[in-house]
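Student: So that we are looking at the same thing, I have put the structure below in structure tokens.
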Amino acid sequence: MSSSNAIGVFDSGLGGLSAVKEFLHILPNEKIIYFGDTGRVPYGTRSRDTIRKYAFQDADFLMTHNVKMIVAACGTVSSVAGDALEEKLSVPYTGVVNPTAYTAVRTTKNGRIGVIGTAATVGSHSYKLRLQKLNPGVEVFEQACPLFVSLVENGVIHRDDQITRLVVRRYMADLKDNGVDTVILGCTHFPLLRDAISDYMGEGVTLVDSGFETANYAAKVLREQGLLNSDPSLKAPEFFVSDTPEGFESVAGLFLGRNMEHTVTQIDIEQY
């Protein structure tokens, strides 16, 4: 395996682009290949078997590009299929759960941690189990926030938007009432709602971004295995989707802050 090989990142749709943004910042020498399964999004409402099947197909597609590491930038996949992926893959793998839980445990001061994610992520209790393994003394409060994904993918994310504020209050009220001082943004869509969530929860609550923590962890793994790319030449990321690229391009700009025209390729994921 060569250090010049790309890092493969996948998600059920657009959310993983919030992690890609962090990868491009933290690992500027690395080539990133991203697959968003836009034709089958969302994963968060699917059965465990379906999520595992999709995750294996997504990883198999990325492996055809000779990647040196695979990242499931998706709380649902990390929670439901992460162990199976790690066992199956011949390259280093990380999901978002472990790096994020580790940071949350180090961050909390009162031992009360909130976890927000898709229904599948929350139903798996993956973050809760990991947090309590890291520190049996923490109290974990979980909340599924399925409408957050829809808000983000439709660009309804501004902190002053009435709909955004209402949905945030609807989902976050119990966590606020329970006095959490740390909230894990357990879906890579959710950092785009950071301002609105922070406004509602208040200054004393720290939001832990799973994309940022995962990018930092991936850098650590690559460094330890001697796989960091030292070549500083510019490497344009490549983006692949399983449905029409047009919608992806328009919303992806929100995640990455760059023009996405003509940089997205549609593929048939069922071939993998």
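The values are calculated or read from the model by the stated rules, or taken from the named source; none is laboratory data. Computed from a prediction, not measured in an experiment: that's the story for all the values here. Methodologically, a virtual Cβ is constructed for each residue, glycine included, from the backbone with ideal geometry; neighbour enumeration extends over all protein chains shown. Accessible surface is based on the protein model in full, side chains and every heavy atom, while ligands, DNA and RNA are left aside. Shrake-Rupley method; radii C 1.70, N 1.55, O 1.52, S 1.80 Å.
Student: Given the conditions (1) of a type outside the set (A, V, I, L, M, F, W, C); (2) within 18 Å of G226 (Cα to Cα); (3) touching a strand residue (DSSP E or B) at 6+ places or on another chain (Cβ under 9 Å), and given that D37 satisfies all but one, which numbered condition is not satisfied?
Tutor: Failing condition for D37: (2).
Student: While we're on this one: Here are some residues: Y127, Y217. Which one is of a type outside the set (V, I, T) and open to solvent by 20 Å² or more (accessible area, probe 1.4 Å)?
Tutor: None of the other options fit; the residue is Y217.
Student: Right, here's the next one. Out of (1) open to solvent by 20 Å² or more (accessible area, probe 1.4 Å); (2) modelled with pLDDT of 95 or more; (3) not aromatic (F, W, Y), the odd one out for L85 is which?
Tutor: Unmet condition: (1).
Student: Return the residues of the range 66-92 that are within 14 Å of the chain's Cα centre (by Cα) and over 19 Å from T45 (Cα atoms); say none if nothing qualifies.
Tutor: Those that are within 14 Å of the chain's Cα centre (by Cα) and over 19 Å from T45 (Cα atoms): I70, V71.
Student: How about the range 230-252: which of its residues are touching an Asp or Glu at 6+ places or on another chain (Cβ under 9 Å) and small (G, A, S)?
Tutor: Passing the criteria: S242, G247.
Student: May I ask you to verify whether D231 is under 17 Å from F10 (Cβ atoms), out of contact with any Gly (no Cβ under 6 Å at 6 or more places or on another chain) and among the acidic types (D, E)?
Tutor: Details: under 17 Å from F10 (Cβ atoms): no; out of contact with any Gly (no Cβ under 6 Å at 6 or more places or on another chain): yes; among the acidic types (D, E): yes.
Here the answer is no, as D231 does not meet what is asked.
Student: Additional query: Can you name the residue in the range 130-161 that is among the polar types (S, T, N, Q) and in a helix (DSSP H, G or I) and, of all such residues, is surrounded by the most Cβ atoms within 10 Å (Cβ to Cβ)? I'd like the intermediate steps shown before the answer.
Tutor: So the first thing to find is which residues in the range 130-161 are among the polar types (S, T, N, Q), and the list is 132, 135, 143, 150, 154.
Imposing the further condition that a residue be in a helix (DSSP H, G or I) reduces the set to 132, 150.
Values: Q132: 17, S150: 12.
Taking the candidates together, the pick is Q132.
Student: If you go through the range 41-49 one residue at a time, do you hit one that is of a type outside the set (S, T, N, Q) and at pLDDT 95 or above?
Tutor: Scanning the range 41-49, I find at least one residue that is of a type outside the set (S, T, N, Q) and at pLDDT 95 or above, so the answer is yes.
Student: I've got another one for you. With the checklist (1) open to solvent by less than 30 Å² (accessible area, probe 1.4 Å); (2) among the hydroxyl-bearing types (S, T, Y); (3) at pLDDT below 95 in hand, flag the one item Y171 doesn't pass.
Tutor: (3)
Quick grid of which residues meet (1) in contact with a Ser or Thr (Cβ under 8 Å, 6 or more places away or on another chain); (2) open to solvent by 30 Å² or more (accessible area, probe 1.4 Å):
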{"site": "V183", "(1), (2)": "yes, no"}
{"site": "G186", "(1), (2)": "yes, no"}
{"site": "R194", "(1), (2)": "no, yes"}
{"site": "I197", "(1), (2)": "no, no"}
{"site": "G202", "(1), (2)": "no, no"}
{"site": "R223", "(1), (2)": "no, yes"}
{"site": "S230", "(1), (2)": "yes, yes"}
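Student: Can I ask one more? If you take the residues in the range 8-31 that are over 15 Å from the mean Cα position of the chain (by Cα) and of a type outside the set (K, R), which one is farthest from E238 (Cα to Cα)?
Tutor: I26
Student: Return the residues of the range 181-211 that are farther than 23 Å from I163 by Cβ and in contact (Cβ under 8 Å) with a residue 12 or more places away in the chain; say none if nothing qualifies.
Tutor: Correct list: D181, T182, I184, G204, T206, V208, S210, G211.
Student: If you don't mind, there's one more thing I want to ask. Would you tally the residues in the range 26-43 being among the small types (G, A, S) and open to solvent by 10 Å² or more (accessible area, probe 1.4 Å)?
Tutor: 1
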